[in-house]
Amino acid sequence: MSKVVIIGNGIAGITAARHIRKDSDHEIVVISAESKYFFSRTALMYIYMGHMKFEHTQPYENWFWNKNNIQLVQAYVTKIESDKKHILLQSGEVIPYDKLILALGSKPREMPLDGINLLGVQSLYSKQDLYLMEINTEGVKQAVVVGGGLIGIEMAEMLHSRGIHVTLVVREDSYWNMVLPAEESQMVNRHIISRGIDLKLSQTVSEIIGDTKIERVILDDKSILNCQFLGITIGVDANIDFLKNSEIETNRGILVDDNLQTNIEDIYAIGDCVELQNPPEGRRAMEPVWYTGRIMGETVAANICHGPRKYEPGIWFNSAKFFDLEYQTYGFVPSSPQDGYDSFYWEDKKSERSIRIVLNTDKTVVGIVSMGIRIRHEVCENWIESGKTLDYALSHLADIDFDPELCRKFEKEVATSNPV
Amino acid sequence: MQKIYTYLIIAGFFVFLAIPFSSFHVLTPNTVHEVIEGSERASLLDNELRSIMGGEIGNLPLQRQLNQAFEVANGSILAKYSLTDEQIGNVAGLMVTNRLNKSSIDSLFSGPEAEFQKSAFSNYGNWLYGKAYATEEASLQVLETIRENINNYEIIPKLGFDRYQKKNIKYGLAKASLTGPSITHPWLTLFLSFGLIIIGTLGLSFAQLIEPAGIKNNDVFKHPATSRKWLGGIIGVFLIGFYIILYFYPEFMISWVAIVDPISYLLKGSGAGHFFLYGFIYTVSVLVMGVRMIIKYRHNRYQIIRTISVMFFQTVLAFLLPEILVRLNQPYFDFKNIWPLDYDFFFDFELNKLIASGQIGIFMLVWGITLALIGVPLFTYFYGKRWYCSWVCGCGGLAETLGDPFRQLSDKSLKAWKFEQGSIYTVLVFAVVMTIGVLYTYFTGASQVLGINTFSMREVYGAVIGAGFAGVIGTGFYPFMGNRVWCRFGCPLAGYMGIIQRIKSRFRITTNGGQCISCGNCSTYCEMGIDVRAYAQKGENIVRASCVGCGVCAAVCPRGVLKLENGPSEDRFEANGFIK
């Protein structure tokens, strides 16, 4: 039996803890400064909108941790001394470990502008950010959110739910078009506008003005937006500042090998804070999403309990919801036309629904994206893995249909449409 | 505009609450004689009520006066018919010296009611014949018991007023003597109470159409009605009070019953009773809040069609058809109410009623038995219990419409699940045992089974489970414990179907690969308190006895993870392998 210390209780750290417990009798300590209990970060927006209370975002009841002999410590880790195999807490306490797992998560990227410290200017990542946002948005009539990613649109939705006028400022010329293909991206643009959001494309905030509180921002085109709240959601970076002076090698994230081990033996890193030295084919070195955090947690647990295990995330998948528009993606989907790839695209004329099937030069399926339609993970993966043809896909659309029963079917219309 | 609708609802509600206070009763000798059977008894009560005849009197004072009158009337009836101390003394004296027989006792009774007393004593005291007692004291004790029995089981029920008659007379007199807005301006009163509430609620619902379609649960946990705050408390207390009065003290709600008289006359040509009022409120709630539900989920056809289904079954099968049947001189029958939820289906008076009604009665009997024993398991195998619970059932219909705003208040803890398993199967066993007992009595005539009286068993079930659990707690607790308290913890039919759904059914909620982000929307909005997320985040399907298949977990999921579907029953429990 050895002692495993996990820093960070997000999806990556907690998945690791649960699987280590399942497969061993190691002593497990999970440390987090943010909250004692694990909660779903992706659900913070629903607390603000009143859909849920904080307790609803906790996937396990509080007795779960004791029962499974997983110790939770709410504390801030200041230093890792890998030569002595222990970590230091802000309180001065020293916690020794046999195996250390860094699941540090990320932190909001800062904007290099004066005025980011004014009252009413903030990002949204942590539980504390959420409570701050609650205070910062009290009585607010106009808000600006800068950043064209997932947190930005969530923040816009949150503010909008309180009747606050929101301007969403996006650097790109179409929402999230470094990920979404043009048609899907434009559908989201239209959707954002239809929800009553003022969408400013190809713009960014160049100046933040206010005395102690934010009063207005100035955009690239010199236009002035009055606002009492500014949300900065221009991306996230690995949360690794306190490792700067440690032995652990970092670049943009903590560098890990194929087994998620850092340069130092017995120290692993998982989740958002990781930078893969040799990413699997078709995958990026940093993928700060829920699912990779979870798969890394499973992998590192196997590593610790059963010996070397490679991180094999399988075929990429992700999903999101933009206001009321659901999005799912599987496999490789280039955001702009790319040599060697072709795509079949169908868009409903009557409602916000679309399906895209990406094909390679062999005319076999390599990626699938849907908007406003739910599709089956298992089947999509199977099509991609076994390289199904477009004809096969179009004649088997019913297999991927995951929409609720009795919904208007898309199969026939898609199969008989003229590819775009 | 939204404010105006809210004010309309509040105004209608206040009118409704004010009606009992602006209604009075004017009693006349005529009403007393119309309501009470037997002119001697009617005259007795009539005499006692002289002081309030012709004057306006409120409901509470009227009930008080009636209680007093009953007491006095029963007293004078007892004084007239009951055995006197002297008569008892005589019999006791006889018992010490002689063995009793009928003629020796009969000779002791004289006076105007001697014939009555003779026959009563021979009914209740014939077991004394041939007996002798050593002391007068011992025989007096025995005779005192006999006198009590004659008083309680012979004189009061047949000549005076027992518990049931008092209840009926109080209700009947209050109804017949009522005067007030609902009598003088029936349609206006109906409009100003129910009408305003309906218009206001529909207005608020239609106002949502200006917002784009989609899941809108904004502020559910901040609104005072839907988050266990003050307004929810008021609604809950009102509902609980309403159910207690409805089931146990209906004579106090006469002025409310009279509001729906116009509707009752239209439908069936006679005045309303309190269960007609209840049926009316129930149906209107399902319809009006059903419209709200459809508007709220207008982007989801499963929800729309399901809601139309419960609205149809409540309105046509539960409310209109039984009344029409009665009007056609056929037995009152709700074709979609199924044993053991319909716990009195096998009661003797129900069976006798159906058997006495000729072919249609026999059809109803066969229909009910077939549905319970063959239909339920078959449909539940193919579609899960949702075919009934969230598509057909009346309790489910109310929960899915009126109750929808409260669905998030169900308890998701493991403890609650354990409690649920204990309570729902206890009720199921109780219902089955009670029914077996009642049928045993029906066929053999013996009222005792293993030392338990089947009549008191069914009486306890009716009061505690039928009225208390299903009604008072089931609906009254919406604002405290969510909209499915009865369905989750009590309904024996749900328990029965749950066993089938869990063991052998094609229904499941499929989890879509590894897409779950553990956000908790599904669990939060599960009215049955199922921790849906616990399965979804492991890549497992949800196969739970309690799931009523409302589909809201799938609707609120932001990542398209959940889908209700029917498929091969064998592989339902296997994890999909995307999450280890």
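The values are calculated or read from the model by the stated rules, or taken from the named source; none is laboratory data. These numbers come from a predicted model, not from an experiment. Neighbour counts run over all protein chains shown; Cβ positions are idealised from the backbone, glycine included.
Could you tell me whether A:K79 is charged (D, E, K, R), part of a strand (DSSP E or B) and either within 18 Å of the chain's Cα centre (by Cα) or in the same structural domain as A:Y37 (by TED's automatic domain parsing) (or both)? It is true that A:K79 is charged (D, E, K, R), part of a strand (DSSP E or B) and either within 18 Å of the chain's Cα centre (by Cα) or in the same structural domain as A:Y37 (by TED's automatic domain parsing) (or both). The condition of being at pLDDT 95 or above and within 9 Å of another protein chain (Cβ to nearest Cβ) holds for only one of A:I315, A:I373, A:I357, that being A:I373.
Checking the conditions here, which among B:L325, B:L341, B:L287 is more than 23 Å from B:L204 (Cβ to Cβ) and either within 14 Å of chain A (Cβ to nearest Cβ) or part of a helix (DSSP H, G or I) (or both)? It would help to see each step written out before you state the result.
Numbers: B:L341 fails: either within 14 Å of chain A (Cβ to nearest Cβ) or part of a helix (DSSP H, G or I) (or both); B:L287 fails: more than 23 Å from B:L204 (Cβ to Cβ).
Exactly one of B:L325, B:L341, B:L287 is more than 23 Å from B:L204 (Cβ to Cβ) and either within 14 Å of chain A (Cβ to nearest Cβ) or part of a helix (DSSP H, G or I) (or both), namely B:L325.
Tell me, which residue of the stretch B:206-220 that is more than 7 Å from every other protein chain (Cβ to nearest Cβ) and without any contact (Cβ under 8 Å) to a residue 24 or more places away in the chain is farthest from A:M49 (Cα to Cα)? Residue satisfying both the conditions and the ranking: B:I210.
Determine whether B:C516 is surrounded by 24 or more Cβ atoms within 10 Å (Cβ to Cβ) and under 26 Å from B:I308 (Cβ atoms). Can you show your working first?
Working: surrounded by 24 or more Cβ atoms within 10 Å (Cβ to Cβ): yes; under 26 Å from B:I308 (Cβ atoms): no.
Spelling it out, it is not the case that B:C516 is surrounded by 24 or more Cβ atoms within 10 Å (Cβ to Cβ) and under 26 Å from B:I308 (Cβ atoms).
Return yes when B:K296 is more than 17 Å from the chain's Cα centre (by Cα) and free of Cβ contacts under 8 Å to residues at least 60 places away in the same chain and no when it is not. Give the steps one after another, and end with the answer.
On the way: more than 17 Å from the chain's Cα centre (by Cα): yes; free of Cβ contacts under 8 Å to residues at least 60 places away in the same chain: no.
No, not satisfied.
Going by the conditions given, is B:Y243 at negative phi, touching a Gly at 6+ places or on another chain (Cβ under 7 Å) and among the aromatic types (F, W, Y)? Here the answer is yes, as B:Y243 does meet what is asked. From the list A:R162, A:R195, the one residue that fits, being in contact with a Pro (Cβ under 8 Å, 6 or more places away or on another chain) and of a type in the set (K, R), is A:R195. For the stretch A:301-319, taking the residues that are of a type in the set (A, V, I, L, M, F, W, C) and in contact with a Ser or Thr (Cβ under 9 Å, 6 or more places away or on another chain), the one that is surrounded by the most Cβ atoms within 10 Å (Cβ to Cβ) is identified as A:A301. Restricting B:F242, B:F275 to those that are assigned to a helix (DSSP H, G or I), more than 14 Å from chain A (Cβ to nearest Cβ) and crowded, with 18+ Cβ neighbours inside 10 Å reduces the list to B:F242.
Selection of the stretch A:13-27 for residues being in contact with a strand residue (DSSP E or B) (Cβ under 8 Å, 6 or more places away or on another chain) and buried (at least 24 other Cβ atoms within 10 Å of the Cβ) yields A:G13, A:I14, A:A16, A:A17, A:I20. Whether a residue is out of contact with any Gly (no Cβ under 6 Å at 6 or more places or on another chain) and more than 10 Å from every other protein chain (Cβ to nearest Cβ) was assessed, and A:G282 passes this test. Just a yes or no: is a residue in the stretch A:62-71 surrounded by fewer than 22 Cβ atoms within 10 Å (Cβ to Cβ), assigned to a loop (DSSP other than H, G, I, E, B) and more than 14 Å from chain B (Cβ to nearest Cβ)? Yes: one or more hits. The requirement of being at pLDDT 95 or above, of a type outside the set (F, W, Y) and more than 22 Å from A:I153 (Cα to Cα) is not satisfied by A:H51.
When the stretch B:524-548 is filtered for residues that are closer than 28 Å to B:P492 by Cβ, surrounded by fewer than 24 Cβ atoms within 10 Å (Cβ to Cβ) and at the interface with chain A (Cβ under 10 Å from one of its Cβ atoms), the ones remaining, listed by number, are B:D531, B:A534. Among the conditions (1) crowded, with 21+ Cβ neighbours inside 10 Å; (2) touching an Asp or Glu at 6+ places or on another chain (Cβ under 8 Å), the only one that A:H165 does not satisfy is (1). Quick check: anything in the stretch B:369-380 within 27 Å of B:G403 (Cβ to Cβ), buried (at least 17 other Cβ atoms within 10 Å of the Cβ), in contact with a Ser or Thr (Cβ under 7 Å, 6 or more places away or on another chain) and at pLDDT 95 or above? Checked against the condition, which is being within 27 Å of B:G403 (Cβ to Cβ), buried (at least 17 other Cβ atoms within 10 Å of the Cβ), in contact with a Ser or Thr (Cβ under 7 Å, 6 or more places away or on another chain) and at pLDDT 95 or above, the stretch B:369-380 yields at least one hit.
If you scan the stretch B:55-77, which residues turn out to be of a type in the set (D, E) and within 19 Å of B:F161 (Cβ to Cβ)? Can you show your working first?
Start the filter on the stretch B:55-77 by keeping residues that are of a type in the set (D, E), which leaves B:56, B:71.
If the condition is that a residue be of a type in the set (D, E) and within 19 Å of B:F161 (Cβ to Cβ), then B:E71 is the only one that fits.
The set of residues from the stretch A:9-53 being part of a loop (DSSP other than H, G, I, E, B), in contact (Cβ under 8 Å) with a residue 40 or more places away in the chain and touching a Cys at 6+ places or on another chain (Cβ under 9 Å) comprises A:S24, A:H26.
Select from the stretch B:295-315 the residues that are outside any loop (DSSP other than H, G, I, E, B), within 14 Å of another protein chain (Cβ to nearest Cβ) and surrounded by fewer than 19 Cβ atoms within 10 Å (Cβ to Cβ) and list them in ascending order. So that I can check it myself, show each step before the final result.
We begin by selecting, within the stretch B:295-315, every residue outside any loop (DSSP other than H, G, I, E, B); these are B:295-296, B:301-315.
With the extra rule that they be within 14 Å of another protein chain (Cβ to nearest Cβ), the set shrinks to B:296, B:301-309.
Answer for the stretch B:295-315, where residues must be outside any loop (DSSP other than H, G, I, E, B), within 14 Å of another protein chain (Cβ to nearest Cβ) and surrounded by fewer than 19 Cβ atoms within 10 Å (Cβ to Cβ): B:R301, B:I304, B:I305, B:I308, B:S309.
One residue is enough: does the stretch B:551-564 have a residue meeting the conditions more than 9 Å from every other protein chain (Cβ to nearest Cβ), part of a helix (DSSP H, G or I), over 26 Å from A:G314 (Cα atoms) and in contact with a Leu (Cβ under 7 Å, 6 or more places away or on another chain)? Within the stretch B:551-564 (the criterion being more than 9 Å from every other protein chain (Cβ to nearest Cβ), part of a helix (DSSP H, G or I), over 26 Å from A:G314 (Cα atoms) and in contact with a Leu (Cβ under 7 Å, 6 or more places away or on another chain)), the answer is yes, since at least one residue qualifies.
Okay, residues lined up against (1) more than 14 Å from the chain's Cα centre (by Cα); (2) in the same structural domain as A:I368 (by TED's automatic domain parsing); (3) under 19 Å from A:L100 (Cα atoms):
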site	(1), (2), (3)
A:G271	no, no, yes
A:E275	yes, no, yes
A:N278	yes, no, no
A:E281	yes, no, no
A:P288	no, no, no
A:Y291	no, no, no
A:G297	yes, no, yes
A:E312	yes, no, no
A:E326	yes, yes, no
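Sort out for me the strands (runs of 3 or more DSSP E) sitting completely within the stretch A:106-198 that have 1 or more residues that are without any contact (Cβ under 8 Å) to a residue 60 or more places away in the chain and outside the structural domain of A:G271 (by TED's automatic domain parsing).
Numbers: elements: A:106-108, A:142-146, A:165-169.
Of the strands (runs of 3 or more DSSP E) lying wholly inside the stretch A:106-198, those with at least 1 residues that are without any contact (Cβ under 8 Å) to a residue 60 or more places away in the chain and outside the structural domain of A:G271 (by TED's automatic domain parsing) span A:165-169.
Within the stretch B:28-56, residues that are over 24 Å from B:Y81 (Cα atoms) have Cβ atoms under 6 Å from residues that are at pLDDT 90 or above and of a type in the set (S, T, N, Q) in these pairs: B:T31/B:S177; B:I52/B:Q65, counting only partners at least 6 apart in sequence or on another chain. Looking only at residues of the stretch B:504-522 that are more than 7 Å from chain A (Cβ to nearest Cβ) and in contact with a Gly (Cβ under 9 Å, 6 or more places away or on another chain), we find that the one that is nearest to A:N318 (Cα to Cα) is B:C516.
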